[in-house]
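K.L.:
Below are the C-alpha coordinates for one structure; questions will follow.
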Amino acid sequence: MRLLFSPFIALAIIVSMFSFTGCSQKKASYKSTKYTSKARHRATMRTYKVRGRTYSPTYVSINDTMRGVSSWYGPNFHGKLTSNGERYNMHAMTAAHKTWPMDTMVRVDNLKNGKSVTVRINDRGPFVSGRIIDCSYAAGKSIGLDKSGIAPVKITVLGFAGKVYKQPAKKASTSTPTTITQVLPRVILSDFGIQVGAFRRHEGAMIYREKYQRMAGSKLRVIVKKFMVDGEPLYRVWVMGFGSDAEAKDFISDNNIQGGFLIRS
(Lines give C-alpha, C1' and ligand atoms only; values in the text may rest on other atoms or scores of the structure.)
Protein backbone atom coordinates (compact mmCIF):
# COMPACT_ATOMS: atom_id res chain seq x y z
CA MET A 1 0.00 0.00 0.00
CA ARG A 2 1.11 3.61 -0.45
CA LEU A 3 2.06 5.09 2.91
CA LEU A 4 0.93 8.59 3.63
CA PHE A 5 2.73 10.15 6.58
CA SER A 6 6.30 11.44 6.51
CA PRO A 7 8.59 13.45 8.78
CA PHE A 8 8.13 16.39 6.39
CA ILE A 9 4.37 16.34 6.98
CA ALA A 10 4.98 15.97 10.71
CA LEU A 11 7.25 19.03 10.63
CA ALA A 12 4.66 20.98 8.63
CA ILE A 13 2.00 20.09 11.17
CA ILE A 14 4.08 21.28 14.10
CA VAL A 15 4.93 24.54 12.33
CA SER A 16 1.28 25.05 11.40
CA MET A 17 0.18 24.33 14.94
CA PHE A 18 2.20 27.26 16.21
CA SER A 19 0.76 29.50 13.49
CA PHE A 20 -2.96 28.96 14.10
CA THR A 21 -5.31 29.20 17.06
CA GLY A 22 -8.43 27.11 17.57
CA CYS A 23 -11.97 28.34 16.91
CA SER A 24 -13.47 29.94 20.03
CA GLN A 25 -11.39 27.75 22.34
CA LYS A 26 -11.35 28.27 26.08
CA LYS A 27 -7.91 28.60 27.62
CA ALA A 28 -6.78 25.14 28.66
CA SER A 29 -4.08 23.71 30.90
CA TYR A 30 -1.79 20.99 29.62
CA LYS A 31 -0.05 18.18 31.44
CA SER A 32 3.05 16.34 30.37
CA THR A 33 3.08 12.56 30.32
CA LYS A 34 5.95 10.11 30.15
CA TYR A 35 5.46 10.17 26.38
CA THR A 36 4.61 13.78 25.51
CA SER A 37 5.88 17.07 26.93
CA LYS A 38 3.58 19.88 28.06
CA ALA A 39 4.75 22.10 25.19
CA ARG A 40 4.16 19.37 22.62
CA HIS A 41 0.69 18.67 24.02
CA ARG A 42 -0.15 22.34 23.58
CA ALA A 43 1.21 22.35 20.04
CA THR A 44 -0.62 19.23 18.92
CA MET A 45 -3.98 20.60 20.12
CA ARG A 46 -3.84 23.69 17.91
CA THR A 47 -5.63 24.02 14.59
CA TYR A 48 -3.38 23.06 11.67
CA LYS A 49 -3.52 22.73 7.91
CA VAL A 50 -2.29 19.88 5.69
CA ARG A 51 -2.76 19.66 1.93
CA GLY A 52 -5.09 22.64 1.94
CA ARG A 53 -7.41 21.23 4.60
CA THR A 54 -7.82 22.60 8.11
CA TYR A 55 -8.07 20.28 11.11
CA SER A 56 -9.19 21.32 14.60
CA PRO A 57 -8.04 18.94 17.36
CA THR A 58 -10.61 18.44 20.11
CA TYR A 59 -10.82 16.79 23.50
CA VAL A 60 -12.85 13.62 23.90
CA SER A 61 -14.46 11.64 26.71
CA ILE A 62 -14.42 8.01 27.77
CA ASN A 63 -16.59 5.88 25.43
CA ASP A 64 -16.65 8.49 22.63
CA THR A 65 -16.69 6.64 19.30
CA MET A 66 -16.00 7.23 15.62
CA ARG A 67 -16.51 5.05 12.54
CA GLY A 68 -14.57 5.08 9.31
CA VAL A 69 -11.64 3.35 7.63
CA SER A 70 -8.34 2.34 9.22
CA SER A 71 -5.04 1.99 7.41
CA TRP A 72 -1.53 1.22 8.69
CA TYR A 73 2.01 2.52 8.30
CA GLY A 74 5.21 0.59 8.81
CA PRO A 75 8.85 0.04 7.79
CA ASN A 76 9.34 3.23 5.77
CA PHE A 77 8.64 5.32 8.87
CA HIS A 78 10.28 3.18 11.55
CA GLY A 79 12.54 5.37 13.70
CA LYS A 80 11.25 8.68 12.35
CA LEU A 81 9.69 11.37 14.52
CA THR A 82 5.96 11.33 15.24
CA SER A 83 3.86 14.40 16.06
CA ASN A 84 4.32 14.03 19.83
CA GLY A 85 8.12 13.88 19.53
CA GLU A 86 8.57 10.12 19.89
CA ARG A 87 10.42 7.93 17.46
CA TYR A 88 7.93 5.83 15.53
CA ASN A 89 8.20 2.16 16.47
CA MET A 90 6.37 -0.06 14.01
CA HIS A 91 6.34 -2.85 16.63
CA ALA A 92 4.59 -0.75 19.32
CA MET A 93 0.82 -0.51 19.73
CA THR A 94 0.36 3.10 18.57
CA ALA A 95 -1.65 5.00 15.98
CA ALA A 96 -2.16 8.33 14.23
CA HIS A 97 -5.38 10.34 14.47
CA LYS A 98 -6.12 13.74 12.93
CA THR A 99 -7.82 15.41 15.91
CA TRP A 100 -7.83 13.38 19.13
CA PRO A 101 -5.28 14.26 21.86
CA MET A 102 -1.85 12.69 22.09
CA ASP A 103 -1.65 9.64 24.41
CA THR A 104 -5.41 8.98 24.19
CA MET A 105 -5.98 5.23 24.51
CA VAL A 106 -8.28 3.85 21.82
CA ARG A 107 -9.78 0.47 21.01
CA VAL A 108 -9.90 -0.23 17.27
CA ASP A 109 -12.55 -2.77 16.23
CA ASN A 110 -12.21 -4.24 12.74
CA LEU A 111 -15.84 -4.42 11.60
CA LYS A 112 -15.01 -7.00 8.93
CA ASN A 113 -13.48 -9.73 11.07
CA GLY A 114 -14.42 -8.78 14.64
CA LYS A 115 -10.81 -8.42 15.81
CA SER A 116 -9.80 -5.53 18.06
CA VAL A 117 -6.66 -3.89 19.43
CA THR A 118 -5.89 -1.13 21.94
CA VAL A 119 -3.54 1.60 20.74
CA ARG A 120 -2.10 4.88 22.01
CA ILE A 121 -2.33 7.94 19.76
CA ASN A 122 1.09 9.52 19.26
CA ASP A 123 0.87 10.93 15.73
CA ARG A 124 -1.32 12.97 13.39
CA GLY A 125 -2.87 11.46 10.25
CA PRO A 126 -3.94 9.75 8.06
CA PHE A 127 -4.59 12.65 5.68
CA VAL A 128 -6.79 10.72 3.25
CA SER A 129 -10.54 11.20 2.89
CA GLY A 130 -12.51 8.59 4.79
CA ARG A 131 -9.62 7.24 6.86
CA ILE A 132 -9.94 8.03 10.56
CA ILE A 133 -6.94 6.23 12.08
CA ASP A 134 -3.55 4.94 10.95
CA CYS A 135 -2.38 1.96 13.02
CA SER A 136 1.21 0.97 13.56
CA TYR A 137 2.35 -2.15 11.73
CA ALA A 138 2.03 -4.34 14.84
CA ALA A 139 -1.40 -2.98 15.77
CA GLY A 140 -2.61 -3.26 12.20
CA LYS A 141 -1.35 -6.81 11.85
CA SER A 142 -3.14 -7.89 15.02
CA ILE A 143 -6.51 -7.00 13.45
CA GLY A 144 -5.70 -8.17 9.92
CA LEU A 145 -4.76 -4.88 8.24
CA ASP A 146 -1.46 -6.29 7.00
CA LYS A 147 -3.46 -8.48 4.61
CA SER A 148 -6.33 -6.16 3.63
CA GLY A 149 -4.44 -2.84 3.76
CA ILE A 150 -7.52 -0.97 4.95
CA ALA A 151 -10.73 -1.98 6.75
CA PRO A 152 -13.89 -0.40 8.16
CA VAL A 153 -13.47 0.17 11.89
CA LYS A 154 -15.08 1.59 14.98
CA ILE A 155 -12.77 3.37 17.41
CA THR A 156 -13.64 3.93 21.07
CA VAL A 157 -11.92 6.11 23.69
CA LEU A 158 -10.69 3.97 26.62
CA GLY A 159 -8.38 6.31 28.50
CA PHE A 160 -5.85 9.14 28.51
CA ALA A 161 -2.18 9.89 29.24
CA GLY A 162 -1.31 6.37 28.06
CA LYS A 163 -3.58 4.67 30.60
CA VAL A 164 -6.75 2.64 30.03
CA TYR A 165 -9.37 3.74 32.56
CA LYS A 166 -11.62 1.29 34.36
CA GLN A 167 -15.25 1.81 33.50
CA PRO A 168 -17.43 3.07 36.39
CA ALA A 169 -20.05 0.67 37.78
CA LYS A 170 -23.60 1.12 36.52
CA LYS A 171 -24.97 1.31 40.08
CA ALA A 172 -24.92 4.64 41.89
CA SER A 173 -21.67 5.26 43.72
CA THR A 174 -20.31 7.95 46.01
CA SER A 175 -17.02 7.93 44.14
CA THR A 176 -16.57 10.28 41.22
CA PRO A 177 -16.34 8.50 37.83
CA THR A 178 -13.12 9.18 35.95
CA THR A 179 -13.67 11.59 33.07
CA ILE A 180 -11.54 13.51 30.61
CA THR A 181 -11.76 16.64 32.78
CA GLN A 182 -9.60 14.95 35.40
CA VAL A 183 -6.76 14.58 32.90
CA LEU A 184 -7.27 17.14 30.15
CA PRO A 185 -9.91 19.90 29.95
CA ARG A 186 -12.50 19.78 27.20
CA VAL A 187 -12.16 22.44 24.52
CA ILE A 188 -15.34 24.09 23.28
CA LEU A 189 -15.28 24.58 19.52
CA SER A 190 -17.47 26.54 17.17
CA ASP A 191 -20.50 24.49 16.13
CA PHE A 192 -20.17 23.63 12.45
CA GLY A 193 -22.81 21.39 10.93
CA ILE A 194 -24.40 20.04 7.77
CA GLN A 195 -27.96 19.58 6.58
CA VAL A 196 -28.54 16.03 5.36
CA GLY A 197 -32.26 16.17 4.57
CA ALA A 198 -35.54 18.10 4.67
CA PHE A 199 -39.00 16.57 5.02
CA ARG A 200 -42.62 17.65 5.08
CA ARG A 201 -43.45 14.69 7.30
CA HIS A 202 -41.99 14.53 10.80
CA GLU A 203 -41.77 10.73 10.61
CA GLY A 204 -39.38 10.92 7.65
CA ALA A 205 -37.15 13.37 9.46
CA MET A 206 -36.97 11.11 12.52
CA ILE A 207 -35.99 8.12 10.39
CA TYR A 208 -33.14 10.20 8.93
CA ARG A 209 -32.18 11.39 12.41
CA GLU A 210 -31.78 7.82 13.67
CA LYS A 211 -29.87 6.80 10.54
CA TYR A 212 -27.35 9.62 10.78
CA GLN A 213 -26.94 9.36 14.55
CA ARG A 214 -25.78 5.77 14.08
CA MET A 215 -23.43 6.96 11.36
CA ALA A 216 -22.12 9.97 13.27
CA GLY A 217 -21.32 8.24 16.57
CA SER A 218 -21.27 9.83 20.01
CA LYS A 219 -19.12 12.88 19.20
CA LEU A 220 -21.70 14.45 16.90
CA ARG A 221 -25.39 15.10 17.49
CA VAL A 222 -28.20 14.87 14.96
CA ILE A 223 -31.17 17.16 15.45
CA VAL A 224 -34.47 17.89 13.71
CA LYS A 225 -35.39 21.56 13.25
CA LYS A 226 -38.93 22.66 12.39
CA PHE A 227 -39.44 25.60 10.01
CA MET A 228 -42.61 27.05 8.51
CA VAL A 229 -42.38 27.35 4.71
CA ASP A 230 -45.39 28.61 2.71
CA GLY A 231 -47.55 28.01 5.76
CA GLU A 232 -46.55 24.36 6.11
CA PRO A 233 -43.99 22.73 8.40
CA LEU A 234 -40.62 21.66 6.99
CA TYR A 235 -38.43 19.41 9.14
CA ARG A 236 -34.72 19.79 8.48
CA VAL A 237 -32.20 17.21 9.71
CA TRP A 238 -28.84 18.61 10.86
CA VAL A 239 -25.64 16.86 11.92
CA MET A 240 -23.90 19.22 14.37
CA GLY A 241 -20.64 19.39 16.32
CA PHE A 242 -17.87 19.47 13.71
CA GLY A 243 -14.74 21.37 14.71
CA SER A 244 -14.31 23.09 11.34
CA ASP A 245 -15.92 23.42 7.94
CA ALA A 246 -13.24 21.08 6.58
CA GLU A 247 -14.34 18.30 8.95
CA ALA A 248 -17.96 18.86 7.96
CA LYS A 249 -17.03 18.67 4.25
CA ASP A 250 -15.08 15.47 4.91
CA PHE A 251 -18.17 13.92 6.53
CA ILE A 252 -20.24 14.76 3.44
CA SER A 253 -17.60 13.32 1.12
CA ASP A 254 -16.76 10.25 3.22
CA ASN A 255 -20.42 9.23 3.53
CA ASN A 256 -21.42 10.22 -0.04
CA ILE A 257 -24.24 12.46 1.18
CA GLN A 258 -26.07 13.71 -1.90
CA GLY A 259 -27.29 17.28 -1.47
CA GLY A 260 -25.63 17.78 1.93
CA PHE A 261 -24.47 21.33 2.65
CA LEU A 262 -22.76 23.31 5.43
CA ILE A 263 -24.63 25.27 8.11
CA ARG A 264 -23.72 27.12 11.32
CA SER A 265 -25.97 27.13 14.36
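The values are calculated or read from the model by the stated rules, or taken from the named source; none is laboratory data. Since we're looking at a predicted model, the values are computed, not measured. Quick reminder, even Gly has a Cβ in these numbers, built from the backbone with ideal geometry, and neighbours come from all protein chains shown.
K.L.:
Which of the residues that make up the stretch 90-106 are of a type outside the set (A, V, I, L, M) and part of a loop (DSSP other than H, G, I, E, B)?
P.N.:
H91, H97, K98, T99, W100, P101, D103, T104
K.L.:
Continuing with the same structure: Within the set of pairs 6 or more residues apart or between chains, which connect a residue that is farther than 19 Å from K80 by Cβ inside the stretch 127-141 to a residue that is among the hydroxyl-bearing types (S, T, Y) with Cβ atoms less than 6 Å apart?
P.N.:
Short answer, once both residue conditions are applied: S129/S253; R131/S71.
K.L.:
Out of all the residues in the stretch 107-136, which are part of a strand (DSSP E or B), of a type outside the set (G, A, S) and over 16 Å from T44 (Cβ atoms)?
P.N.:
Across the stretch 107-136, the qualifying residues are R107, V108, D109, N110, V117, T118, V119, R131, I132, C135.
K.L.:
So if I check each of T94, T99, which one is crowded, with 20+ Cβ neighbours inside 10 Å, polar (S, T, N, Q), in contact with an Asp or Glu (Cβ under 9 Å, 6 or more places away or on another chain) and over 24 Å from F242 (Cβ atoms)?
P.N.:
Result of the check over T94, T99: T94.
K.L.:
Would you mention how many residues in the stretch 145-159 are part of a strand (DSSP E or B) and either farther than 15 Å from N63 by Cα or of a type in the set (V, I, T) (or both)?
P.N.:
So the count comes out to 6.
K.L.:
Further question on the same structure: Of the residues A96, A43, A28, only one is within 27 Å of L220 (Cβ to Cβ) and modelled with pLDDT of 95 or more; which?
P.N.:
Checking each option against the conditions leaves just A96.
One line per residue, one yes/no per condition, for (1) over 17 Å from the mean Cα position of the chain (by Cα); (2) surrounded by 14 or more Cβ atoms within 10 Å (Cβ to Cβ):
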residue	(1), (2)
R200	yes, no
A205	yes, yes
R209	yes, yes
Y212	no, yes
M215	no, yes
V237	yes, yes
M240	no, yes
S244	no, yes
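To keep it simple, each residue is scored yes or no on (1) modelled with pLDDT of 90 or more; (2) touching a strand residue (DSSP E or B) at 6+ places or on another chain (Cβ under 7 Å).
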| residue | (1), (2) |
| --- | --- |
| A139 | yes, yes |
| T156 | yes, yes |
| A169 | no, no |
| I180 | no, yes |
| G193 | no, yes |
| A198 | no, yes |
| M206 | yes, yes |
